[in-house]
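Undergrad: To start, I am sharing the structure in question, which I have written as structure tokens.
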Amino acid sequence: MKRALITGVTGQDGSYLAELLLEKGYKVYGMRRRTSTPNYENVQHIRDRIHWISGDLNDLASLIEAVRQSDPDEVYNLAAQSFVAASWPQPIATAQMTAISVTHMLEAVRIVKPTARFYQASSSEMFGKVVETPQKESTPFYPRSPYGVAKVYGHWITVNYRESFNMFACSGILFNHESPRRGLEFVTRKVTDGVARIKLGLQQELRMGNLDSLRDWGFAGDYVKAMWLMLQQDEPDDYVISTGEMHSVMELLETAFSYVGLNYKDYVVLDPEFVRPAEVDLLLGDCTKAKEKLGWELEVGFKQLVHMMVDEDMKRVQSETRYYELMNT
Ligand code: GDP
């Protein structure tokens, strides 16, 4: 039985990856940080099948202990401060949680189990103010936010540990990937949740930032398969994972609202609060290498993804409404 340690297991990607590894017969260890109100929403259905270990990315001793306890064949480092907009008001916390923490994790693996295979969650945000389109593994980075800068550090320290210590360390440069489990502050989920609330009469408008940004949006469930594939190869390497299709925030709004028979122009209000100090205008990935070397294929396209997210948010908002009605009768 293979053993895997996942940091960030309660997040969107961690939960899909844990499901995938459990299906494959892995013993899955999930690292969790102590919080006053733990949130297991994404992993509720598999909570009993995960072996829980307490740890904190900024506490090296706890990471050493987590690697010692789990004795992993594979380590997936998915934990981070992952929201770009939050990285301006909290640049130093972002550097600690998204950049330095990668070195902590790599050190824990190097000290305790240097033969374990290591996956680092890198990001298309590293391409930022893109210097070529589409972006591939060899495209130079030009990050545009404290988050992007922190992810560049995480990427290069992973490459450096591979080259310095001969560790099997891979960096997956994943373009935006979404799902019904995406945090509500990200644009896709904000829109699909907003559409559900507006359709059900609970909200009258949706306040948005820059509608012209272009993103390469895929389904998180497809992307975690690429993470696993990277660690099954003969040699460690870095890969871009993307759909190769680009859509604007406006198209996202159009697709989500029209799915429930509404016109987004009747509800969307532009609000400077959601405009960022520096913007990533467009991201478009070229994942030829992943397709050829990993045999990775994506299954869910843009429209299907948006419809899936609207469907799930409609169901969730309806059941929450029913619950409150029952409580008030
Ligand atoms: P990111 O690509 O990692 O920053 O993912 P997000 O989902 O947070 O944002 C994607 C794009 O949507 C960015 O270019 C944002 O500026 C744009 N956007 C426009 N309005 C909003 C909004 O209200 N919330 C968020 N999160 N993003 C918005």
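The values are calculated or read from the model by the stated rules, or taken from the named source; none is laboratory data. All values derive from a computational prediction rather than experimental measurement. Neighbour counts are summed over all protein chains in view; Cβ atoms, including those assigned to glycine, are modelled from backbone coordinates with ideal geometry. Keep in mind that these areas ignore ligands, DNA and RNA; they rest on the heavy atoms of the full protein, side chains included. Shrake-Rupley method; radii C 1.70, N 1.55, O 1.52, S 1.80 Å.
Undergrad: Take the residues in the range 247-258 that are within 12 Å of the ligand (Cβ to nearest atom) and of a type in the set (A, V, I, L, M, F, W, C), then tell me which one is most open to solvent (accessible area, probe 1.4 Å).
TA: Met250
Results for (1) among the β-branched types (Val, Ile, Thr); (2) farther than 14 Å from Thr7 by Cα, shown as yes or no for each residue.
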position	(1), (2)
Ile50	yes, no
Ile53	yes, no
Leu57	no, no
Leu60	no, no
Glu65	no, no
Ser70	no, no
Glu74	no, no
Ser82	no, no
Ala85	no, yes
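Undergrad: To continue, here is another question. Would you mind finding the one in Gly172, Gly183 that is within 16 Å of the ligand (Cβ to nearest atom) and more than 30 Å from Arg322 (Cβ to Cβ)?
TA: Gly172
Undergrad: Any chance the range 133-146 includes a residue that's in a helix (DSSP H, G or I) and either surrounded by 18 or more Cβ atoms within 10 Å (Cβ to Cβ) or touching a residue at least 60 places away in the same chain (Cβ under 8 Å) (or both)?
TA: yes
Undergrad: Looking at the range 170-181, is at least one residue surrounded by fewer than 21 Cβ atoms within 10 Å (Cβ to Cβ), more than 30 Å from Ile111 (Cβ to Cβ), out of contact with any Lys or Arg (no Cβ under 9 Å at 6 or more places or on another chain) and not small (Gly, Ala, Ser)?
TA: Taking every residue of the range 170-181 in turn, none turns out to be surrounded by fewer than 21 Cβ atoms within 10 Å (Cβ to Cβ), more than 30 Å from Ile111 (Cβ to Cβ), out of contact with any Lys or Arg (no Cβ under 9 Å at 6 or more places or on another chain) and not small (Gly, Ala, Ser).
Undergrad: Any idea how many residues of the range 223-246 are under 20 Å from Phe127 (Cβ atoms) and open to solvent by less than 10 Å² (accessible area, probe 1.4 Å)?
TA: Total satisfying the criteria: 8.
Undergrad: Test Arg207 against the criterion of being modelled with pLDDT of 95 or more, within 12 Å of the ligand (Cβ to nearest atom) and surrounded by fewer than 20 Cβ atoms within 10 Å (Cβ to Cβ), and give yes or no.
TA: For Arg207, the condition - modelled with pLDDT of 95 or more, within 12 Å of the ligand (Cβ to nearest atom) and surrounded by fewer than 20 Cβ atoms within 10 Å (Cβ to Cβ) - is met.
Undergrad: Out of curiosity, is Leu202 assigned to a loop (DSSP other than H, G, I, E, B), outside the structural domain of Ser82 (by TED's automatic domain parsing) and either open to solvent by less than 40 Å² (accessible area, probe 1.4 Å) or among the basic types (Lys, Arg) (or both)?
TA: Spelling it out, it is not the case that Leu202 is assigned to a loop (DSSP other than H, G, I, E, B), outside the structural domain of Ser82 (by TED's automatic domain parsing) and either open to solvent by less than 40 Å² (accessible area, probe 1.4 Å) or among the basic types (Lys, Arg) (or both).
Undergrad: Working only within the range 66-95, note down all residues that are assigned to a helix (DSSP H, G or I), farther than 24 Å from Leu20 by Cα and either within 16 Å of the ligand (Cβ to nearest atom) or touching a strand residue (DSSP E or B) at 6+ places or on another chain (Cβ under 9 Å) (or both).
TA: Within the range 66-95, Val84, Ala85, Ala86, Ser87, Pro91, Thr94 meet the criteria.
Here is a yes/no grid of residues against (1) in contact with a strand residue (DSSP E or B) (Cβ under 9 Å, 6 or more places away or on another chain); (2) within 26 Å of Pro180 (Cβ to Cβ):
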{"site": "Lys2", "(1), (2)": "yes, no"}
{"site": "Tyr26", "(1), (2)": "yes, yes"}
{"site": "Arg33", "(1), (2)": "yes, yes"}
{"site": "Thr37", "(1), (2)": "no, yes"}
{"site": "Val43", "(1), (2)": "yes, yes"}
{"site": "Ile64", "(1), (2)": "no, no"}
{"site": "Met97", "(1), (2)": "no, yes"}
{"site": "Leu106", "(1), (2)": "yes, no"}
{"site": "Arg110", "(1), (2)": "no, no"}
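Undergrad: I'd like to verify a number: residues in the range 37-56 that are within 16 Å of Val102 (Cβ to Cβ) and open to solvent by less than 20 Å² (accessible area, probe 1.4 Å), how many?
TA: 1
Undergrad: Now a separate question. Which pairs have Cβ atoms under 6 Å, sit 6 or more apart or on different chains, and link a residue in the range 259-277 that is within 11 Å of the ligand (Cβ to nearest atom) to one that is assigned to a loop (DSSP other than H, G, I, E, B)?
TA: Val269/Glu205; Phe274/Gly209; Val275/Gly209; Val275/Asn210; Pro277/Trp88
Undergrad: Without any contact (Cβ under 8 Å) to a residue 12 or more places away in the chain, surrounded by fewer than 22 Cβ atoms within 10 Å (Cβ to Cβ), more than 14 Å from the ligand (Cβ to nearest atom) and not hydrophobic (A, V, I, L, M, F, W, C) - does that describe any residue in the range 191-199?
TA: No, because not a single residue in the range 191-199 is without any contact (Cβ under 8 Å) to a residue 12 or more places away in the chain, surrounded by fewer than 22 Cβ atoms within 10 Å (Cβ to Cβ), more than 14 Å from the ligand (Cβ to nearest atom) and not hydrophobic (A, V, I, L, M, F, W, C).
Undergrad: For Asp286, only one of the following conditions fails: (1) away from the ligand (no atom under 16 Å from the Cβ); (2) open to solvent by 70 Å² or more (accessible area, probe 1.4 Å). What is its number?
TA: (2)
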